[in-house]
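The values are calculated or read from the model by the stated rules, or taken from the named source; none is laboratory data. Bear in mind that the values here come from a model prediction, so they are computed numbers and not experimental data. Positions of Cβ are backbone-derived with ideal geometry, glycine not excepted, and every protein chain shown enters the neighbour counts. Note: areas computed on protein heavy atoms with side chains; ligands, DNA, RNA excluded. Shrake-Rupley method; radii C 1.70, N 1.55, O 1.52, S 1.80 Å.
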Amino acid sequence: MTTHTLGPVKLGPSERESAIAAMASTELQVLVVGGGVVGAGVALDAATRGLSVGLVEARDFASGTSSRSSKLIHGGLRYLEQYNFGLVREALTERALLMQRIAPHLIRPVSFLFPFSHYGWERAYVGTGVSIYDALGMSRGQVRGLPRHRQLTRRHALRLAPALRRSALTGALQYWDAQVDDARYVAMLIRTAAGYGAKVASRTQVTGFLREGERVTGVHAVDLETGAALEIRAQQVVNATGVWTDEIQAMVGGRGSINVRASKGVHLVVPRDRIHSSTGIILRTPVSVLFVIPWGRHWIIGTTDTDWALSKAHPAASRTDIDYVLDQVNRVLAVPLTRDDVEGVYAGLRPLLAGESDTTSKLSREHTVAHPVPGLVMIAGGKYTTYRLMARDAVDAVGHGLDGKVAPSCTDQIPLAGANGFQALWNSRHSIARSSGLHVARIEHLLGRYGGLTGELLEMIAADPGLGKPLAGADDYLRVEAVYAVTHEGARHLDDVLARRTHISIETWDRGQTSAQEVAALMAGPMKWRHRQVTREVDHYHARIEAERKSQEADTDTDADAIRLGAPEIVPVIVHDPGPRGRDAGQPYPAAAGKARDASDMARRAGAEAELAPPGAH
Ligand SMILES: Cc1cc2nc3c(=O)[nH]c(=O)nc-3n(C[C@H](O)[C@H](O)[C@H](O)COP(=O)(O)OP(=O)(O)OC[C@H]3O[C@@H](n4cnc5c(N)ncnc54)[C@H](O)[C@@H]3O)c2cc1C
C-alpha cells in the first residue's frame, strides 16, 4: 500500500478518502493517534525509517495546542534559572537544526529586549544567564545562525523600543531566538510525512482499541465526515494526543502511566502600530515571563499560566485573563493598551506531565514515553521546539515492539516540504515578481509560508488570475491561499482556513467575519459544496466568533467555557459521559459505533449536546 513519491504530495479531499481506505484495508506497522506537532513528527520519523504508517486526527491538523502556542522555537531562558542546562542545550540544538536545515522557510530569527528595572546586579545576573544561553546555542559544533546578545544603555534601548516608559527601565539587554507559524509548520510536517508514504486523515477519531488479549492490535475509529465506523489494524499504535492523553489511557482500561495536566495560556493580538518598537520584548511577571512578539503587522502578547479542567477542544479566554495580560504589558508601556486595542485572542493548553509511575521510562525532564500495554506507545509532555526528539524517542520505543528491526531516526537529515529551493527562490524574488505580475511583497509573503512550493500557487494564479487578488477584509492573504489550503493542505472547513492555514481569525478586527463568505465560496469548488453547505460553514463560523467574543466578557473560566461551548461544532467529535475532569473528558464511545448516517447523528446518540449544531442547521 505504501507509495513512495518522496516529495511533497497534495492533501486534498480525494487523498483523504484514499488514505482512509488504505488504512482500513491493511495492517500498518505504526498508527499514530493525534495530528498535532508531536503526532505529525512521529509519522514523519516512522515513515522515513521505512515503516508503513497511518495517522488519524479527530479534528483539523494542529487544532489542539499546536496552533495556540507562543510560536517560539527556543531553549527557554527560564529553564536556566532552574539550572536545567541539558534541556536548554537540547532545545537550542534543535533550534539551529530547524532554522538551518529542516525548515529555513518557516523559522525566522526574532530579537527580544529584556528591560532592567534595577541598577547593577540585574544586568550582571541576566547578562550571565543570556551568555550561557548563547553559548549553549553554539554547542556540539552547531553554527548558531543568530547574533549574540548585546548589553544596551537605557538610551539605546529606548531608541529600539520608543514605546517603553522611560521610568520603567534602567537599561536593557537584547538577545535573539526564533519563531514559527506553528499551525503552518504542522501542515508542512504532515505533507512531508505523506510524501514519504504516510497515510493521513483529519476528522477521524479514535474511539477505542482493537485487542488480542492484552495486546493492542489497532483502533476503532470513526470518519466523522461520513459517520463510517472503521477498524484500523496496526502492529504498534502511538498515542500523541497531548492534553487528551488521559482519555486514550482510559480506552485501555485506565492502564496508563502518564498523567497529563492541562494549563491554560492566553495570548492577545494587537496591531503593530500600537507598540512602537523594532524588537520583541520580554518581561518578568510574578509567575513567569511575558513576551511581546512581532507577528507580521501585529504583536502577539502572552501568556498566562492557570490550571484548566474544562473544554479541551475550545479553551476559553476570560476577561480576567485578558486584563492580566494587559496589566502586565502596561507596566512598561508609555501609552497603555486597552481592551479596544485587542484584535484577536487565543488560548491553548500546555500538556504538562503531572507525575509518573515506575512503568514510565523517563527520557528527559521534558517528555516521557511509556508502553502501558503491548502494542501501545504513549508520548507526552515536551514542547513544540523539541517535537523531533519526542518523535524519535517514540519511534525508538515502537522499534522495541517491532523486535528492534528498525533503522535509526534520520529526521535530522530530512528537510520539510518547501525547504528545498527556498533560498534560491528567495534570491530570485524580484524576477519572480516581475514574471508573475505580483508585487515583490506578495512573493515574499508566499515564500515565507510555502517556501519552495510557492510555484504551485503561482501556477494556480496563472491559470486563474482572479486567485492572485487579495481576500476582502484580510488583504494580507491572496485568494489562491484559500483554494490551495483545500487542494494541497488538508483543510476541510472554513474554520481550518481562517484559523490555521491562515490566521485571519486573530489578525483582523472582525476576526474574519468579512472574509468568511468569500473564503467559503473559494473552498466550495474543490470541496464540492452546494450553496447550503457554504451557508452552513459561514453560519457556524459567525456563531463561533460571537461565542468567543462573549466568552471574553465573562469573569470566570466556568462562565467563559459555558458561553464558548454554546457555539456548535461544524463536525462534532464524539463525546461521552462528561467525567470529573471536564466537559469533553470521560469514557470512550463504545467501540462498535455502528453506521450512523452522519457524525451529528452519532454524536447526538452519544449525548454530546453541547457540541451539536442546532436543529435545522444542516
Ligand atoms: C500557551 C502556550 C504557549 C506555548 N508556547 C510554546 C513555545 O513558544 N515554544 C514551544 O516550543 N512550545 C510552546 N508550547 C508548547 C507546545 O505548543 C506544545 O507542547 C505542543 O504544541 C503539543 O503538541 P502535541 O502534538 O503534543 O499536542 P496537540 O497539538 O494538542 O495535538 C494532539 C492532537 O490529538 C488529537 N486527538 C485527541 N484525541 C484524539 C482521538 N481520540 N482521536 C484522534 N485524534 C485525537 C487532538 O485533536 C489534537 O489535535 C506552548 C503551549 C501553550 C499552551
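Scanning the range 253-302 for residues that are without any contact (Cβ under 8 Å) to a residue 40 or more places away in the chain and hydrophobic (A, V, I, L, M, F, W, C) yields a count of 5. Looking across the range 546-561, the residues that are surrounded by 18 or more Cβ atoms within 10 Å (Cβ to Cβ) and either over 22 Å from R492 (Cβ atoms) or touching a residue at least 24 places away in the same chain (Cβ under 8 Å) (or both) come down to E548, S551, Q552, A554, D557, A560, D561.
Residues in the range 202-225 that are more than 23 Å from the chain's Cα centre (by Cα) and among the polar types (S, T, N, Q): T217 alone. As for the range 39-60, it holds at least one residue that is within 27 Å of H488 (Cβ to Cβ), touching a Cys at 6+ places or on another chain (Cβ under 6 Å) and not in a loop (DSSP other than H, G, I, E, B).
From A229, A172, grab the single residue that is in a strand (DSSP E or B), touching a residue at least 12 places away in the same chain (Cβ under 8 Å), away from the ligand (no atom under 11 Å from the Cβ) and open to solvent by 10 Å² or more (accessible area, probe 1.4 Å). Full working, then the answer.
Values: A172 fails: open to solvent by 10 Å² or more (accessible area, probe 1.4 Å).
Exactly one of A229, A172 is in a strand (DSSP E or B), touching a residue at least 12 places away in the same chain (Cβ under 8 Å), away from the ligand (no atom under 11 Å from the Cβ) and open to solvent by 10 Å² or more (accessible area, probe 1.4 Å), namely A229.
Just to verify a result, which residue in the range 75-121, among those that are in a loop (DSSP other than H, G, I, E, B) and small (G, A, S), is surrounded by the most Cβ atoms within 10 Å (Cβ to Cβ)? Taking the candidates together, the pick is G75. Residues of the range 400-412 that are at pLDDT below 95 and among the small types (G, A, S): G401, G404. Residues that are within 14 Å of the ligand (Cβ to nearest atom) and either open to solvent by 10 Å² or more (accessible area, probe 1.4 Å) or out of contact with any strand residue (DSSP E or B) (no Cβ under 8 Å at 6 or more places or on another chain) (or both) within the range 211-222 comprise just one, H220. Here G348 meets each of (1) touching a Ser or Thr at 6+ places or on another chain (Cβ under 7 Å); (2) at pLDDT below 95 with one exception, condition (2). Considering only residues in the range 179-201 that are within 10 Å of the ligand (Cβ to nearest atom) and over 21 Å from T48 (Cα atoms), the one that is farthest from the chain's Cα centre (by Cα) turns out to be Q179. Taking each residue of the range 372-394 that is among the aliphatic types (A, V, I, L, M) and looking for partners that are within 10 Å of the ligand (Cβ to nearest atom) and in a helix (DSSP H, G or I) with beta-carbon atoms closer than 6 Å, six or more apart or interchain, yields I379/M390; A380/T245; M390/V38; A391/G41; A391/V42; A394/V42.
Screening the range 372-391 for residues that are farther than 23 Å from Q235 by Cβ and touching a strand residue (DSSP E or B) at 6+ places or on another chain (Cβ under 6 Å) and picking the one that is nearest to the ligand (Cβ to nearest atom) gives T385.
Residues that are closer than 30 Å to H314 by Cβ, out of contact with any strand residue (DSSP E or B) (no Cβ under 6 Å at 6 or more places or on another chain), open to solvent by less than 20 Å² (accessible area, probe 1.4 Å) and within 12 Å of the ligand (Cβ to nearest atom) do not occur anywhere in the range 48-55. Looking across D246, D182, one residue alone is open to solvent by 20 Å² or more (accessible area, probe 1.4 Å), of a type in the set (D, E) and out of contact with any Asp or Glu (no Cβ under 6 Å at 6 or more places or on another chain). It is D246. Whether a residue is crowded, with 22+ Cβ neighbours inside 10 Å, over 26 Å from A380 (Cβ atoms) and within 15 Å of the ligand (Cβ to nearest atom) was assessed, and I322 does not pass this test.
Could you look through the range 239-264, keep only residues that are more than 11 Å from the ligand (Cβ to nearest atom) and in contact with a Leu (Cβ under 8 Å, 6 or more places away or on another chain), and pick out the one that is farthest from L28 (Cα to Cα)?
Filtering first and then ranking leaves R261.
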